[in-house]
There are 2 protein chains.
Amino acid sequence: MHIDGHTGLIAHIGFPTHTFKSPLIYNPYFESAGINALVVPMGCRPAHFPALLRSFFALENAVGALITMPHKVTTLELLDEASVAVQVAGSCNAVRRDADGRLVGDMFDGEGFVRGLRRKGLPLPGARALVVGCGGVGCAIAASLAGAGVGTLALFDPRTASAEALATRLRQHHPALQVWVGSKDPQGFDLVVNATPLGMNADDPLPLDVDRLSPGSFVGEVVMKAEMTPLLEAARARGCTVQVGTDMLFEQIPAYLSFFGLPTTTPEVLRAGARLAG
Amino acid sequence: MHIDGHTGLIAHIGFPTHTFKSPLIYNPYFESAGINALVVPMGCRPAHFPALLRSFFALENAVGALITMPHKVTTLELLDEASVAVQVAGSCNAVRRDADGRLVGDMFDGEGFVRGLRRKGLPLPGARALVVGCGGVGCAIAASLAGAGVGTLALFDPRTASAEALATRLRQHHPALQVWVGSKDPQGFDLVVNATPLGMNADDPLPLDVDRLSPGSFVGEVVMKAEMTPLLEAARARGCTVQVGTDMLFEQIPAYLSFFGLPTTTPEVLRAGARLAG
């Protein structure tokens with residue numbers, strides 16, 4: 001890559017950093033597209049994060065920040081402006097500085113998931129969706145599904161308070177949405193989402209009862225460890241359409257690029273150029 | 001370059017950044033040598049510098065910082081430990097974090113200049129040197145010449161107070177050194193250094209009276225705009241040995257690399273790999 005005194009910086013802030021994928025996707029794209037920008041991995045512990053974010057955005061060549069674990073929630077307190085997705089999700093993974101120097105935050109995990117669904121032809125307005133797992137990524141997906149106009153959103157989390165808190169935020173920002181809490185029975189849903197980590201380890205149980213999946217359902221996954229998780233294998237065997245975990249990652253990058261004011265591209269170009277094996 | 005979650009960061013902090021050369025030298029070297037480190041240009045205005053430096057060194061993957069204009073002097077207040085070169089020069093261009101998290105500073109502008117002289121065969125212990133210009137770079141060169149054991153150091157600056165202040169610091173840290181202030185007559189010196197900006201513009205006067213240069217003198221230059229400045233041309237015409245301005249830049253990088261604990265190399269390798277035309 002050509003890095004010089006005109007290079008714009010995108011801070012990729014999290015801790016630990018060893019599993020970071022974004023530098024391996026964005027930087028090859030910037031290089032191939034001739035964009036003078038650079039994703040810089042920054043390993044930052046929680047105590048240092050607020051000061052780092054402010055200092056970074058005081059730089060003349062700061063373009064934006066990709067926020068990841070464990071900072072997605074604490075970022076909210078540092079923003080001057082938060083998108084509805086951020087407010088509903090309760091977390092933020094994208095920050096930029098506007099023309100007045102204010103910090104503006106958005107959340108693209110759910111947006112990436114939803115873009116993937118749309119491109120696979122799933123009609124979202126009025127759809128009935130079940131989200132199993134209401135941690136950070138589940139909240140983000142629920143927020144974006146609500147933003148995309150689903151009619152019914154069923155939420156399940158073994159920690160019922162997490163699901164209830166998400167339901168309250170959803171009802172506040174999306175009063176027309178039907179929100180249910182408490183069951184993970186997938187029968188009859190147009191869309192079923194695993195937003196739990198179940199599937200990362202070989203001996204994990206399935207996140208939901210696959211025998212109850214309706215054959216016409218669409219099943220999406222957030223686990224990225226393998227392309228086809230046991231859940232997706234089972235869903236496909238029942239005739240469901242599926243979305244793999246890494247789609248959420250690659251589909252959200254064009255949204256990030258637009259948010260940062262950079263020339264954007266397609267998930268296919270990003271996948272083809274990514275150096276994830278490196 | 002391969003940038004991932006294990007990449008070590010070297011912040012290159014200054015303002016403005018558009019003339020930065022270091023990313024164009026270090027990063028190609030890191031790439032060719034397989035060193036997972038990255039020089040990141042950071043455009044930082046003075047008001048934001050102290051907070052940025054602290055935040056940067058709180059990062060888990062911070063390796064070091066290259067400090068440039070306008071922060072080389074203010075860095076001193078932020079250090080826990082300063083080398084003798086920093087104390088004499090009154091400025092700092094290299095910072096790292098030690099094992100206890102303390103910020104340690106050094107100054108390599110003068111070191112680069114002195115390494116260049118040594119490699120050209122100039123014996124420095126006991127030598128008589130004249131430094132014309134006692135701004136930041138002149139102070140740094142004087143500090144390193146003193147550290148290298150010159151016997152006599154003559155200082156000149158049209159702002160006499162600058163030369164006097166430098167002389168005071170030199171006498172404090174190098175009591176055996178003879179320090180003279182006030183003349184820029186180059187006659188009889190083993191080494192004559194232009195540390196003024198004269199030579200950057202086509203219509204600049206010469207920084208000193210070249211007719212008074214002794215033919216056996218060594219003449220060094222800090223101006224990098226052209227390899228052979230009018231001073232160096234005139235000095236060479238009189239039979240002097242010369243050192244061009246960019247030697248200071250390339251000769252100091254191996255010192256920086258060692259300071260940062262990275263595998264080091266030669267100025268020749270760095271010059272050959274640099275993408276300064278890019």
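The values are calculated or read from the model by the stated rules, or taken from the named source; none is laboratory data. Keep in mind that this is a model prediction, so the values were computed, not measured. For neighbour counting, all protein chains shown are included, and Cβ atoms are generated from backbone atoms with ideal geometry for every residue, glycine included.
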Original post:
Among B:Thr241, B:Thr168, which is in contact (Cβ under 8 Å) with a residue 60 or more places away in the chain, of a type in the set (Val, Ile, Thr) and farther than 24 Å from A:Gly5 by Cα?
Top reply: B:Thr241
**OP:** Could you pull out the residue among B:Leu59, B:Leu66 that is at pLDDT 95 or above, part of a strand (DSSP E or B) and within 25 Å of A:Met1 (Cα to Cα)?
**Re:** B:Leu66
**OP:** Determine, yes or no, whether B:Phe15 is within 14 Å of chain A (Cβ to nearest Cβ) and aromatic (Phe, Trp, Tyr).
**Re:** yes
Subject >> segment A:41-73, subset surrounded by fewer than 20 Cβ atoms within 10 Å (Cβ to Cβ) and touching a Pro at 6+ places or on another chain (Cβ under 7 Å), residue nearest to A:Glu111 (Cα to Cα) >> reply: A:Pro70
**OP:** For segment A:97-118, state whether one or more residues are in a loop (DSSP other than H, G, I, E, B), small (Gly, Ala, Ser) and at pLDDT 95 or above.
**Re:** no
Subject >> Criterion: of a type outside the set (Val, Ile, Thr) and assigned by TED's automatic domain parsing to the domain that holds B:Ala99 - qualifying residue of B:Gly188, B:Gly182, B:Gly261 >> reply: B:Gly261
**OP:** Please tell me if B:Asn93 is under 20 Å from the mean Cα position of the chain (by Cα), within 14 Å of chain A (Cβ to nearest Cβ) and under 27 Å from A:Phe56 (Cα atoms).
**Re:** no
**OP:** Select, from B:Pro205, B:Pro197, the only residue that is out of contact with any helix residue (DSSP H, G or I) (no Cβ under 7 Å at 6 or more places or on another chain) and free of Cβ contacts under 8 Å to residues at least 12 places away in the same chain.
**Re:** B:Pro205
Original post:
What number goes with the only condition from (1) within 13 Å of chain A (Cβ to nearest Cβ); (2) among the β-branched types (Val, Ile, Thr); (3) part of a helix (DSSP H, G or I) that B:Val88 does not pass?
Top reply: (1)
**OP:** Taking only segment B:19-40 into account, find how many residues are more than 14 Å from B:Ile3 (Cβ to Cβ), touching a residue at least 24 places away in the same chain (Cβ under 8 Å) and at the interface with another protein chain (Cβ under 7 Å from one of its Cβ atoms).
**Re:** 2
Subject >> Which numbered condition A:Ala47 misses (of (1) assigned to a strand (DSSP E or B); (2) of a type outside the set (Ser, Thr, Tyr); (3) within 11 Å of another protein chain (Cβ to nearest Cβ)) >> reply: (1)
Original post:
Which of the residues spanning segment A:70-91 are within 22 Å of A:Gly149 (Cβ to Cβ) and touching a Gly at 6+ places or on another chain (Cβ under 9 Å)?
Top reply: A:Ala82, A:Ser83, A:Val84, A:Ala85, A:Val86, A:Val88, A:Ala89, A:Gly90, A:Ser91
**OP:** Just need a number here: residues in segment A:120-163 that are surrounded by fewer than 19 Cβ atoms within 10 Å (Cβ to Cβ) and of a type in the set (Val, Ile, Thr).
**Re:** 2
Subject >> From A:Gly182, A:Gly151, residue being closer than 12 Å to A:Val131 by Cα and free of Cβ contacts under 8 Å to residues at least 40 places away in the same chain >> reply: A:Gly182
